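**Student:** Dumping the structure here so I can ask a few things about it.
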Amino acid sequence: MVDGLRPSGAALSGQVDAAMRAVPRHVFVPDVSLERAYGPDPVVTHRDGDGVPVSSASAPATVAGMLEDLDVRPGHRVLEIGAGTGYNAALLARLVGPTGSVTTIEYDEAVASAARAALSGLGAAVTVVHGDGMLGVPGQATFDRIVVTAGAWDVQGLGGSS
């Protein structure tokens, strides 16, 4: 999968390359074939009662690009809003190492539970919180990096007129 990112123009740092090679993506998308799990496309993992997708594993190139832009370093405290499958949180845990921490917050309880189970099965040191990412995580106010991997139904300005 990682080798397939290079022809598409993704130049990965050594840390992101190593993390993506070490974390098994198929663990986070167990209901699809290995070919699909490691393919170039996103994988829908949860749908609402009407069949509308509500959570997915992002395309590997998208994940790699976000991780590169985030520039996570060992020892960082990272907040991810939108746990999804937990795959991105597992990659983040690998990047921050044993001296860092990763907290991921997920609005949908079923999605949070599935992410928690997959992360736990790998022994990834990630705190999964069921809650609203707009409200943050009670008791944890400072992070070195924050990444949002979730949809939004409302966007508001940070002051001034809209």
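**Student:** How high is the relative contact order of the chain, in percent, with contacts defined as C-alpha pairs under 8 Å that are six or more residues apart?
**Tutor:** Relative contact order of the chain: 20 percent.
**Student:** Still on this structure, I have one more. Compute the signed sum of charges (Lys and Arg +1, Asp and Glu -1) over the other residues within less than 13 Å, Cβ to Cβ, of Arg47.
**Tutor:** On the way: positive: none; negative: Asp31, Asp48, Asp50, Asp108.
Local charge sum for Arg47: -4.
**Student:** So what are the radius of gyration and Dmax for the Cα set of the range 2-148, in Å?
**Tutor:** 14.5, 43
**Student:** Please give the FRET efficiency for Glu109 paired with Ser13, using the beta carbon to beta carbon distance and R0 = 35 Å, rounded to the nearest 0.05. Working shown, then result.
**Tutor:** Values: r = 35 Å, r/R0 = 0.99.
That pair, Glu109 with Ser13, gives E of 0.50.
**Student:** If you place +1 on the Cβ of every Lys and Arg, -1 on the Cβ of every Asp and Glu, and leave all else neutral, what size is the dipole of the chain about its Cα centre, to the nearest 20 Debye? Before the final figure, lay out each step's value.
**Tutor:** Working: 10 positive and 17 negative charges, 107 e Å.
Taking the Cα centre of the chain as origin, the dipole is about 520 debye.
**Student:** Right, next: 5 Å is the cut-off here: which amide hydrogens, built 1.01 Å from N in the peptide plane, fall below it relative to His130, excluding neighbours closer than 5 in sequence?
**Tutor:** Here the answer is Glu106, since their amide H atoms fall under 5 Å of that of His130.
**Student:** About the Cα centre of the range 1-91, what is the dipole size in debye to 20, counting +1 per Lys and Arg Cβ and -1 per Asp and Glu Cβ, all else neutral?
**Tutor:** 240
Values in this text are rule-based calculations from the coordinates and carry no lab data. Predicted model, so just to flag it, every value in this text is computed and none were measured. Note: ideal-geometry Cβ built from the backbone for every residue, glycine included; neighbour counts use all protein chains shown.
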